[in-house]
Amino acid sequence: MQEEKKRILKLVEEGKLTASEAITLMEKLEEASEESKTTSLSAEVKKTSSSSEETKTTHKTSSIGTKLFDLMDTAVKKVKEVDFDLNFGQSYDVKHIFQYKETEFNNLDIHLANGSLNILPWDESDVRVECQGKIYRVDNQEEAKTAFHNHFECGVEGEKLFIRTEKKTMKTNVTLQIPQKQYEKIRIKLFNGPVRGEHLKVNELNAKTTNGVVSFSSLKADKAGIETANGQIKLVDYECGSIEAETINGMIELRGSSQSLDLQSFNGNITAKITDPNVKSVYAKTTTGSVEFSIPHGVEVKAELKSNLGSLAADLDEVVMIREKSDTLQKEMYFKANQGQEHKLTLFTETKTGSIKLKQL
């Protein structure tokens, strides 16, 4: 049975088997092993086992093993990739710049079907929207220009700057330059493409893409919500009140200061360097990835760590272990560290197959 467990873990490491499938298989192996032992013990006590009965028992155990690895083979054959590439044949390039003089707005609403977005505040009072588009399923350059202007909307309505296109046969890379100031709300939604921004100041940021990286540097926000289905999330040198970040397939990497973090990834590592001792709560959960946090000195930590198959480590000052569990399929640590400090952090992190490590910054 030990070899079967090694094989299961190997498949998990290669990404060919999910954590839940691995746990189910291991539990079934344990059940099969116990059933085999019980059958053997019963046969020994009764002393009536015949060669035919032994054959049946052997066949039964073999059948269980065969079914388990049939299940493994099925899991390995699962399709794990989603193709978001535009595949519409020939395209025509269109470039256009929208310029708005001294406009007043406090909110941004951006919705692109395919392309990319890069937001760059500048010292000017104007707004500049630079578009580089690829137009598919048109016959010539003029049709491409017409299609772009018919389907790309941009302007200012009241307190809101809007940019939107829902045409999936048009890929538009947008560089947006806006006045450097404090904004109320920025809402970004892309279906296919990356989102990037620098030096944004906003009360509330909501950025979402289905397929692409989301990256912000020097972000200042009271509240930030970031989501991608297939891509990395990266925030550096940020100053935020609260951050919620979620990705299905990709890593989450953070470095900055905030009061609370809620981070979730299904298939990807989570790493964070927390630079502000005022942090109050951290929640991090991943299925197949590992978690690593760097915590500043002078912070009292109350932490709970959980992993089914990975290791747990707490390299913090003055750790006092309250509860610890180290079973084959379940590892837990509940502890306090650096007690008596003014700043207090509550931390919970969980992974199915990865490791968890906490260390001092």
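Derivation of every value follows stated rules applied to the coordinates shown; laboratory data play no part. Predicted, not measured: the structure shown is a model, and the values here were computed from it. Please note: Cβ atoms are built from the backbone with ideal geometry, for glycine as well, and neighbour counts cover all protein chains shown.
When +1 charges are put on Lys and Arg Cβ atoms and -1 charges on Asp and Glu Cβ atoms, the dipole computed for the stretch 274-361 relative to its Cα centre reaches about 280 debye. Structural descriptor for the stretch 228-352: relative contact order 22 percent, calculated from alpha carbon pairs under 8 angstrom and at least 6 residues apart. Please report, to two decimal places, log10 I(q)/I(0) for the stretch 125-235 at q = 0.11, 0.14, 0.16, 0.22 Å⁻¹ as given by the Debye formula with identical point scatterers on the Cα atoms and no solvent. Taken in order of the listed q values, log10 I(q)/I(0) reads -0.40, -0.64, -0.81, -1.33.
Write out the trypsin sites (Lys or Arg not before Pro) in the stretch 113-181 meeting two conditions: DSSP loop, and at most 16 other Cβ atoms within 10 Å of their Cβ.
R137, K168, K181
Neighbour counting of Cβ atoms within 10 Å sorts the residues M333, M321, fewest neighbours leading, into M321, M333. The dipole here belongs to the stretch 79-219: it is taken about the Cα centre, uses +1 on the Cβ of Lys and Arg and -1 on the Cβ of Asp and Glu, and is about 360 debye.
Considering only T328, A314, H343, and ranking their Cα positions along the charge dipole of the stretch 251-361 that arises from unit charges at the beta-carbon of Lys, Arg, Asp and Glu, the one farthest toward the positive end is T328. Using alpha carbons only, the radius of gyration of the stretch 251-361 set against its Kirkwood radius gives Rg/Rh = 0.94. Seen from Q132, the other residues with C-beta closer than 11 Å to its C-beta sum to a net charge of +1, counting Lys and Arg as +1 and Asp and Glu as -1. Applying a threshold of 30 Å to the alpha-carbon distances of K101/K189; K181/K302; K208/K325; K273/K352; K181/K234; K101/K185 flags K181/K302; K208/K325 as lying beyond it.
Quick one: check the C-alpha center-to-center distance for the stretch 249-270 versus the stretch 126-191, whole angstrom. Result: 29 Å between the Cα centres.
Compute the Kirkwood hydrodynamic radius of the stretch 188-314, taking the inverse of the mean of 1/r over all pairs of distinct Cα atoms, and give it in Å to one decimal. Can you show the working numbers first?
Numbers: mean 1/r = 0.0682 Å⁻¹.
Roughly 14.7 Å, rounded to one decimal.
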